[in-house]
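To start, the structure itself, in structure tokens.
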Amino acid sequence: MLLFEQTATTGVSTRLLDLISAEAAGSLCGLLLERVARTPDAVAYLQFDAKTQTWIETTWRDTARAVAHWQAAFTREGLSPGDRVAVMMRNRREWIAFDLAALGLGLVTVPLYPDDRAEAVRHILEDAGVRLLLLGSAEQRARLSAIDPTLAELKRLLVLEPGEAALPEGTRAVSEWLDEALPPADHRPIDRADNPDALATIVYTSGTTGHPKGVMLSHRNILWNAEASLKLIPARPDDRFLSFLPLSHTLERTGGCVLPIMAGCSVAFARSIPQLAEDLLQIQPTVMIAVPRIFERVHAKLRERLDGESPLKRRLFEHAVSSGWARFEHSQGRAKGHPSLLLAAPLLDALVGAKIRARFGGRLRVAVCGGAPLAPDIARVFIALGVPLVQGYGLTETSPVISVSPLEDNIPESVGRPLPGLEYRIGDLDELIVRSPGVMSGYWKQPQATAEVLDGEGWLRTGDQVRVQDGHIVITGRIKDILVLANGEKVPPADIEMAITGDPLFEQVLVIGEGRPFLSALVVLNPEVYMEVARAEGLPSDPMVADADGRLEPILHKRIESRLTGFPGHAKIRRIALAACPWSIENDRMTPTMKLKRAKILADYHEALTRLYVGHEH
């Protein structure tokens, strides 16, 4: 597929984009083979080498050789089309090679989150009937020792980086395993996936209640989704992606892996989240895919720093945001913009906006935020400072993208326009219902659960409440999370939680009130920001002590009230409880996709939350 990209200012064709269509690819491994045929020596991946402390480049030709090597080993192992193989490690080129090699042989890949709990891994391995598992490190293998009986049932257990210590019996180092199955030097990868509708992967959704369900996605599902996404946000051969969301997350796998192969872009694998700021400066990506937490943390640190600056610097920042937003709205054709603001915008941008963009590497062309809604006021700050931030929305069940905002039609309050070729309708309770070639075939071995969300005509119930504004989808709530107060008022808690966490003092928030006369909030405080508040208010250094003597809640209430200005009366927070520790994946209070496990958290704090309503039962 040859497409001409139009410049936003002149409409003149500036370069030829060589995109591989889903039809031309045929399958996910076929996509790689077509990319190798077109640009064999272009850089495909960059990966940091700890020994040499340098970033190592890998071409598409190199990638194809690695895929062929993995396939030779799979074949030697006696695996058959349809067999499930799982991968559990951080993002790196070996993840990609393993996945594409398996798919080319007709195997089915089951991605696992690299830091998932042993019990969750056990369920997935047993439910999917996985025959081979690839782990990233010996430390990972040690963390899974609690499920050794399940691991013993595997045909093969591999570790990419075994370290110097001896591996447990039955576990093999990848290097030794691959060396036993060297293909000929000129061997090309095999692509036996001749049916685009064949099952390619089973992706287990990180359920907030009960065991996760396995979403069955085909080659066509994922290829169609990547191609449709490119129609709203084109990619260029000179784009460089920075990959840091787990590849086990369907957003990263489709948008940060398959889509770059389709468009011929390079991908750099971030070393870790703690090193993300440094990697942004070194890699200088033009494209990044992130979740709201990344931008929320940057915004919180920015606000913390501003609080310590002089009034003059704070006013300068606010003027930069105001003028930048006016310029953005003017460029979008939605407002003429005040002449004085537009005139001041370039100077203020040089003083403020350019410094913020430099933290993202200075070359960012588009940053896609997905996985959960980003507070509009936070999005506006980044956009006003020149960070090209757009929001998208989707589900694992839709491969995953349903909508995304084009750069030239960006409404921060929305999650974008539906993908071209995707049909949608609004059902009962304003639920979004969609149909497209990207919709899953169903849940693995769960026909009843499939029938509850997917009808015989291919329409999928998303479970999300929406409204459509100027062709853009705006998420208003999650149906199963809707709180019904004692007076019958229905309240979606997500918007309230998102607004409250806009204050850097609040690290995490859970709004409650089901069947109650009013809303309350369970909060996790940011320890650094709390210490500043404690010094200013004369509170004990331990927030639990301050909460116990009754001095903390009024302060928290005042800050929360300021964040909820404009919300209706029934959506206000009346009482507040303090959580003793953060909610995380490690303590099983958060899913690998960073969603709170509400039921477990509510059970933990049942007594404390019940006390909030004593004397207020009616």
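Within region 577-618, the residues that satisfy the criterion of being part of a loop (DSSP other than H, G, I, E, B), more than 19 Å from PRO527 (Cβ to Cβ) and hydrophobic (A, V, I, L, M, F, W, C) are ILE585, MET594, LEU612, VAL614. When the helices (runs of 4 or more DSSP H) confined to region 333-385 are screened for residues that are modelled with pLDDT of 90 or more and crowded, with 16+ Cβ neighbours inside 10 Å, those reaching at least 3 such residues are found at 376-384.
Tallying residues that are touching a Pro at 6+ places or on another chain (Cβ under 8 Å) and without any contact (Cβ under 8 Å) to a residue 40 or more places away in the chain within region 457-476 yields 1. Do we have ILE576 as buried (at least 18 other Cβ atoms within 10 Å of the Cβ), in contact with an Asp or Glu (Cβ under 9 Å, 6 or more places away or on another chain) and in the same structural domain as PRO527 (by TED's automatic domain parsing) here? When the stated conditions are applied, ILE576 passes them. Note on region 579-590: residues that are surrounded by 15 or more Cβ atoms within 10 Å (Cβ to Cβ) and modelled with pLDDT under 90 total 3.
In region 231-254, the qualifying residues are those that are within 18 Å of the chain's Cα centre (by Cα) and of a type in the set (A, V, I, L, M), and the one that is surrounded by the fewest Cβ atoms within 10 Å (Cβ to Cβ) is ILE233. If you go through region 203-219 one residue at a time, do you hit one that is of a type outside the set (S, T, N, Q), part of a helix (DSSP H, G or I) and in contact (Cβ under 8 Å) with a residue 12 or more places away in the chain? Yes, region 203-219 contains a residue that is of a type outside the set (S, T, N, Q), part of a helix (DSSP H, G or I) and in contact (Cβ under 8 Å) with a residue 12 or more places away in the chain. Checking each residue in region 416-432 for being out of contact with any Lys or Arg (no Cβ under 8 Å at 6 or more places or on another chain) and at pLDDT below 95 picks out ASP428, LEU429. Taken over region 470-498, the criterion of being surrounded by fewer than 22 Cβ atoms within 10 Å (Cβ to Cβ), under 26 Å from ILE294 (Cβ atoms) and at pLDDT 85 or above is satisfied by HIS472, VAL474, THR476, GLU497, MET498. State whether one or more residues within region 520-541 are under 30 Å from ASN410 (Cβ atoms), modelled with pLDDT of 90 or more and buried (at least 16 other Cβ atoms within 10 Å of the Cβ). Yes, region 520-541 has at least one match.
ALA571 fulfils the conditions (1) in contact (Cβ under 8 Å) with a residue 40 or more places away in the chain; (2) small (Gly, Ala, Ser); (3) out of contact with any strand residue (DSSP E or B) (no Cβ under 8 Å at 6 or more places or on another chain); (4) crowded, with 19+ Cβ neighbours inside 10 Å except for a single criterion, (3). Criterion first (in a loop (DSSP other than H, G, I, E, B) and in contact with a helix residue (DSSP H, G or I) (Cβ under 9 Å, 6 or more places away or on another chain)) does PRO274 satisfy it? No, not satisfied. Scanning region 281-314 for residues that are assigned to a strand (DSSP E or B) and either surrounded by fewer than 16 Cβ atoms within 10 Å (Cβ to Cβ) or among the β-branched types (Val, Ile, Thr) (or both) gives VAL287, ILE289.
Can you find a residue in region 121-128 that is of a type in the set (Gly, Ala, Ser) and either more than 30 Å from PRO437 (Cα to Cα) or over 27 Å from the mean Cα position of the chain (by Cα) (or both)?
So far as region 121-128 goes, no, none of its residues is of a type in the set (Gly, Ala, Ser) and either more than 30 Å from PRO437 (Cα to Cα) or over 27 Å from the mean Cα position of the chain (by Cα) (or both).
The values are calculated or read from the model by the stated rules, or taken from the named source; none is laboratory data. Just so we're clear, the structure is a prediction, and the values are computed from it rather than from any experiment. Here the Cβ is made from the backbone with ideal geometry for all residues, glycine too, and neighbour counts use every protein chain on show.
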